[in-house]
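Student: Below you will find the structure I want to go over with you.
The values are calculated or read from the model by the stated rules, or taken from the named source; none is laboratory data. Computed from a predicted structure; not experimentally measured. Because the Cβ atoms are built from the backbone with ideal geometry, glycine has one as well, and the counts that use them run over all protein chains shown.
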Amino acid sequence: MTSDTSRRTLGHYEANAESFWEGTRDHDVAQNIDAFLSAITEPPPFRILEFGCGPGRDLKTFVTRGHEPIGLDGCARFVEMARALSGCDVWLQDFLELTLPRAHFDGVFANASLFHVPGEHLPRVLAELRDTLKTGGVLFFSNPRGANEEGWHGERYGCYLDVERWRALLTGAGFQEIDCYYRPAGRPRSAQPWLAMTWRRGVAA
């Protein structure tokens, strides 16, 4: 890893891998998974990249649903845990130093992960995710939202962008918007800190 943001953020996750798993293993993200899978137009099983798979909770769900996921995370302990939990291939890659196959996946699922990419690198990383998708493939992400600020929160770096900033970034990277919603469902907007969006790789991307 070459960047300070990667070293410090991943170091935090390495040091807290087990407690992170205990705190997130029962989170209900069925709304996100359903939004993602329902947008893919290829016949199943779907070839999925989970970008920032963590300890493997959602990888296991994708397997249970009959799909063919591959995980990716920059935290070595998470990679070990995800492989053991899901039985999937899981790639150890820094988000800022990706090596991805071109036009390979039907979908990329990035739940609570893309916001760790510093803003200056987001256009490049989004282009790399676009290129690993087949034409018409789907990118889903859910991130904590904010007023377009970024920086350190303890030992983790984060970008907290509003919906219009994400729209500008994704449109610029050659994606077409499918859907957008806020979470948790059923609460007033002020109590919905998470922004979820679904995008399709355009033909001309």
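Student: Applying the selection to the stretch 12-40, what residues are part of a helix (DSSP H, G or I), of a type outside the set (A, V, I, L, M) and under 21 Å from Val79 (Cβ atoms)?
Tutor: Result: His12, Tyr13, Glu14, Glu18, Ser19, Phe20, Trp21, Glu22, Gly23, Thr24.
Student: Next question, about the same structure. Going through the stretch 174-189 one residue at a time, which ones are part of a loop (DSSP other than H, G, I, E, B) and either over 21 Å from Leu133 (Cβ atoms) or under 16 Å from the mean Cα position of the chain (by Cα) (or both)?
Tutor: Within the stretch 174-189, Pro184, Ala185, Gly186, Arg187, Pro188 qualify.
Student: Here's something else I'd like to know. Looking at (1) surrounded by fewer than 17 Cβ atoms within 10 Å (Cβ to Cβ); (2) under 23 Å from Thr5 (Cα atoms), which one does Asn111 not meet, given that it meets all the others?
Tutor: (1)
Student: Tell me, which residue of the stretch 74-112 that is without any contact (Cβ under 8 Å) to a residue 24 or more places away in the chain and assigned to a loop (DSSP other than H, G, I, E, B) is nearest to Leu37 (Cα to Cα)?
Tutor: Asp89
Student: Could you tell me which of the residues Thr61, Thr9 is hydroxyl-bearing (Ser, Thr, Tyr), touching a strand residue (DSSP E or B) at 6+ places or on another chain (Cβ under 7 Å) and part of a helix (DSSP H, G or I)?
Tutor: Thr9
The rows are residues; the columns are (1) surrounded by 14 or more Cβ atoms within 10 Å (Cβ to Cβ); (2) more than 28 Å from Gln192 (Cα to Cα); (3) modelled with pLDDT of 95 or more.
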{"site": "Phe78", "(1), (2), (3)": "yes, no, yes"}
{"site": "Leu85", "(1), (2), (3)": "yes, yes, yes"}
{"site": "Ala103", "(1), (2), (3)": "no, yes, yes"}
{"site": "Leu122", "(1), (2), (3)": "yes, no, yes"}
{"site": "Ala147", "(1), (2), (3)": "no, no, yes"}
{"site": "Glu150", "(1), (2), (3)": "yes, no, yes"}
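Student: Moving to a separate point now. Would you point out which residue out of Gly54, Gly71 is assigned to a loop (DSSP other than H, G, I, E, B) and small (Gly, Ala, Ser)?
Tutor: Gly54
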